[in-house]
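Colleague: One structure, as structure tokens, below. Some questions next.
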Amino acid sequence: MNNIKQFFFNKKILIYGLGKSGVSAFNFLKQNNEVFVYDDHIINPKFYDIKKNKLNLNKLIIFILMQ
């Protein structure tokens, strides 16, 4: 388990899709990483942490090209 925690430490991570698993992944990974999200649908306002890290399509393309 420690290897998994160290693997996901100080990384830039993109989560594509914010279903149940996407939101859970965001909540887990945001603690020690720079996490960005993309989803085709409008985000529910109760997910404020996710909303401030959401990328639009243009920013998503730039994010992918810069990696």
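Colleague: Show the residue pairs meeting these rules: Cβ distance below 9 Å; 6+ apart or different chains; first residue within region 18-33 and touching a residue at least 24 places away in the same chain (Cβ under 8 Å); second residue in a helix (DSSP H, G or I) and of a type outside the set (V, I, T).
Modeller: L18/F26; F26/D49; N32/K5
Colleague: Identify all residues within region 1-11 that are modelled with pLDDT under 85 and of a type in the set (S, T, N, Q); write none if there are none.
Modeller: N2, N3, Q6
Colleague: N32 versus (1) in a loop (DSSP other than H, G, I, E, B); (2) modelled with pLDDT under 75: which is the lone unmet condition?
Modeller: Of everything listed in (1) in a loop (DSSP other than H, G, I, E, B); (2) modelled with pLDDT under 75, N32 misses just condition (2).
This table checks each residue for (1) at pLDDT 85 or above; (2) among the hydrophobic types (A, V, I, L, M, F, W, C); (3) surrounded by 11 or more Cβ atoms within 10 Å (Cβ to Cβ).
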| residue | (1), (2), (3) |
| --- | --- |
| I13 | yes, yes, yes |
| G19 | no, no, no |
| I43 | no, yes, yes |
| K59 | no, no, yes |
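Colleague: Starting from residues that are in a strand (DSSP E or B) and not hydrophobic (A, V, I, L, M, F, W, C), keep the ones in region 5-29 and report whichever is nearest to N56 (Cα to Cα).
Modeller: By that ranking, first place goes to Y16.
The values are calculated or read from the model by the stated rules, or taken from the named source; none is laboratory data. Every value quoted in this text rests on a predicted model; they were computed, and no experiment measured them. For neighbour counting, all protein chains shown are included, and Cβ atoms are generated from backbone atoms with ideal geometry for every residue, glycine included.
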